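The values are calculated or read from the model by the stated rules, or taken from the named source; none is laboratory data. Because the structure is a prediction, the values reported are computed rather than measured. Cβ atoms come from the backbone with ideal geometry, glycine included; neighbour counts cover every protein chain shown. Side chains included, ligands, DNA and RNA excluded: accessible areas come from the protein's heavy atoms. Shrake-Rupley method; radii C 1.70, N 1.55, O 1.52, S 1.80 Å.
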Amino acid sequence: MTSALFVVSEHGYWGEECIEPLTTLSDAGVDVTVATPTGDPPEVDERSVDPDEVGEETAEHVKEVHESDERLNDPTPVARTEAADYDVVVFPGGHGTEWDINQDSDARRLLRDAVEGEDGKALVVCHAAGLLGFTRDSDGGFLAADRSVTGFPNEWEEGIVDDDGRMPDGRKLPYWVEDEAKAAGANWDAELDADASVTVDGDLVTARGPESSAAAAQTLLEELGIEQTA
């Protein structure tokens with residue numbers, strides 16, 4: 001059976017970016033495991049379950065899965081996981097990733113091993129693309145160097161943070177993911193004129209943001225060679 005590891009933030013994952021791929025892969029028969037940095041259940045970004053922000057249907061669906069899914073409610077610590085045990089490692093986005101996942105040495109290890117391994121793949125979504133700015137390959141260079149990637153663009157971040165770089169909840173955003181990915185040598189293109197943006201470069205798949213979640217999940221199934229029923 002095809003297997004996937006979801007590495008989810010305890011500081012606020014964006015609902016659709018986790019739930020859409022998780023349910024899509026599960027429905028396709030993929031065995032999904034969820035991990036968080038400490039093994040505590042992940043927190044969902046409240047804005048991503050606000051009907052005024054994401055629509056009533058999406059908000060209700062995300063809430064229902066977040067509260068009832070046993071995998072999300074009983075995750076394993078990231079340090080106890082190995083990329084080689086899974087066919088794909090998925091890193092959902094959300095601003096919360098900037099405070100835990102993207103800084104976590106075990107998360108960086110999982111991304112490196114998934115992309116460098118013979119059989120593995122990785123999907124990195126939205127703000128989790130900041131992980132590319134911190135992950136080195138086995139030779140000490142940046143894993144993202146010369147790779148084509150997409151992720152949450154600076155142009156969108158400008159509409160969220162204030163002039164002091166603070167988010168609506170008062171937290172200071174420590175970095176902008178586009179800047180970090182570019183500094184790591186990635187070929188960045190968020191395809192701002194497109195409704196969705198998903199980029200495949202070898203075993204690394206990246207997606208721009210919430211509206212790209214469904215396309216990212218479908219692309220990942222294709223990359224895994226899983227046929228989808230109508």
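Observations on the model:
- Residues in region 103-127 that are buried (at least 22 other Cβ atoms within 10 Å of the Cβ) and without any contact (Cβ under 8 Å) to a residue 40 or more places away in the chain: Leu111 alone.
- When Gly39, Gly93 are checked against the criterion of being of a type in the set (Gly, Ala, Ser), open to solvent by less than 60 Å² (accessible area, probe 1.4 Å) and either free of Cβ contacts under 8 Å to residues at least 40 places away in the same chain or touching a Ser or Thr at 6+ places or on another chain (Cβ under 8 Å) (or both), a single residue qualifies: Gly39.
- Looking across Tyr13, Tyr86, one residue alone is open to solvent by 40 Å² or more (accessible area, probe 1.4 Å), under 22 Å from Leu204 (Cα atoms), hydroxyl-bearing (Ser, Thr, Tyr) and modelled with pLDDT of 95 or more. It is Tyr86.
- All conditions but one from (1) open to solvent by less than 20 Å² (accessible area, probe 1.4 Å); (2) of a type outside the set (Ser, Thr, Tyr); (3) not in a helix (DSSP H, G or I) apply to Leu25; the one that does not is (3).
Residue-wise test of (1) touching a strand residue (DSSP E or B) at 6+ places or on another chain (Cβ under 6 Å); (2) assigned to a loop (DSSP other than H, G, I, E, B).
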residue	(1), (2)
Ala79	no, no
Ala84	no, no
Val90	yes, no
Gly93	yes, yes
Asn102	no, no
Ala107	yes, no
Leu111	yes, no
Val124	yes, no
Leu132	no, no
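- Region 55-69, residues that are assigned to a helix (DSSP H, G or I) and either within 17 Å of Val34 (Cβ to Cβ) or not β-branched (Val, Ile, Thr) (or both): Glu56, Glu57, Ala59, Glu60, His61, Val62, Lys63, Glu64, Val65, His66, Glu67, Ser68
- The residues on offer are Asp162, Asp193, and the sole one that is more than 21 Å from Thr58 (Cα to Cα), open to solvent by less than 70 Å² (accessible area, probe 1.4 Å) and out of contact with any strand residue (DSSP E or B) (no Cβ under 6 Å at 6 or more places or on another chain) is Asp162.
- Pairing residues of region 136-159 that are within 28 Å of Asp195 (Cβ to Cβ) with residues that are open to solvent by less than 20 Å² (accessible area, probe 1.4 Å) and charged (D, E, K, R), at Cβ distances under 7 Å and at least 6 apart in sequence or on separate chains, gives Thr150/Arg208; Gly151/Arg208; Phe152/Arg208.
- Residue list for region 161-170, restricted to those being assigned to a loop (DSSP other than H, G, I, E, B), out of contact with any Leu (no Cβ under 6 Å at 6 or more places or on another chain) and free of Cβ contacts under 8 Å to residues at least 24 places away in the same chain: Asp162, Asp163, Asp164, Asp169, Gly170
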